[in-house]
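A short worksheet on the structure shown next.
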Amino acid sequence: PRSDIRLMIMLANDHGFRAGTVVSLEIDCLTEDADGFPALRYWNRKRTRERMHPIRNPELPILIREQQNVARSRHPETPWLFPKAVGNASGARHQPANTLNYQLQTWLGKLNLTTPDGQPVRVTLHQFRHTFGTRELNSGVSQEVVQELLDHEDAAMTRTYARLSNKNLRIEFLKGDRFNVMGERLEELLPDSPLSDLA
């Protein structure tokens, strides 16, 4: 896809941002936290508050700076990282979220991706948010941290992403103590035990 579309998809995938958050990033969204770690500053419209998100991918600040240059070259006074492309001479409006979703579908159509039964693959930008939450939880990040990263008010919302992979389910199960029918504690199962592969 175009570099701006690629960057928007990266922001959704790497940070779990909603489409509305991605398109409404301000042009000066790059910042640092109190420890000098690179971060993204954004506005959570659902909870009406400003937030900061740590940047893990070292490529992201470079791509954001490139997009800042592109945005300023087209609209020198724009406050937005992704100003609306047409009908926006002053740069006062940002790209609409539905345009981003349309561009994602167009790109997927060009890739001609299909499901095993031959149907076109349908992916929404919001699915990247779910992927982010599930991936972080499966990587061992605590639910409280994922809740903070996704800026969920309710922990129950974050729990919807807590789908453990078979591998993680097995690892966590094997960490626990096991007992025989006599109530005697058993030794830890060896990794090559027939019972270790619970999947």
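The values are calculated or read from the model by the stated rules, or taken from the named source; none is laboratory data. What you see is a predicted model, and the numbers here were worked out from it, not measured in a lab. In this analysis, Cβ positions are derived from the backbone assuming ideal geometry, glycine residues included, and neighbour counts consider all displayed protein chains. Side chains included, ligands, DNA and RNA excluded: accessible areas come from the protein's heavy atoms. Shrake-Rupley method; radii C 1.70, N 1.55, O 1.52, S 1.80 Å.
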Qualifying positions in segment 100-119 - open to solvent by less than 70 Å² (accessible area, probe 1.4 Å) and over 20 Å from residue 8 (Cβ atoms): 115, 118
Pick from 92, 85, 97, 71: which is open to solvent by 70 Å² or more (accessible area, probe 1.4 Å) and among the hydrophobic types (A, V, I, L, M, F, W, C)? 85
How do the pairs read when you match residues in segment 132-150 that are closer than 16 Å to residue 18 by Cα with residues anywhere that are of a type in the set (Gly, Ala, Ser) and in a helix (DSSP H, G or I), using Cβ under 7 Å and keeping only pairs 6 or more apart or on different chains? 146/133; 147/155; 150/133
Scan segment 120-163 for residues that are in a loop (DSSP other than H, G, I, E, B), touching a helix residue (DSSP H, G or I) at 6+ places or on another chain (Cβ under 7 Å) and not charged (D, E, K, R) and jot them down. 121, 123, 124, 152, 161, 162
Which residues, counting only those in segment 47-68, are among the β-branched types (Val, Ile, Thr) and surrounded by fewer than 14 Cβ atoms within 10 Å (Cβ to Cβ)? 48, 62
Within segment 39-52, can one find any residue that is of a type in the set (Gly, Ala, Ser) and modelled with pLDDT of 90 or more? yes
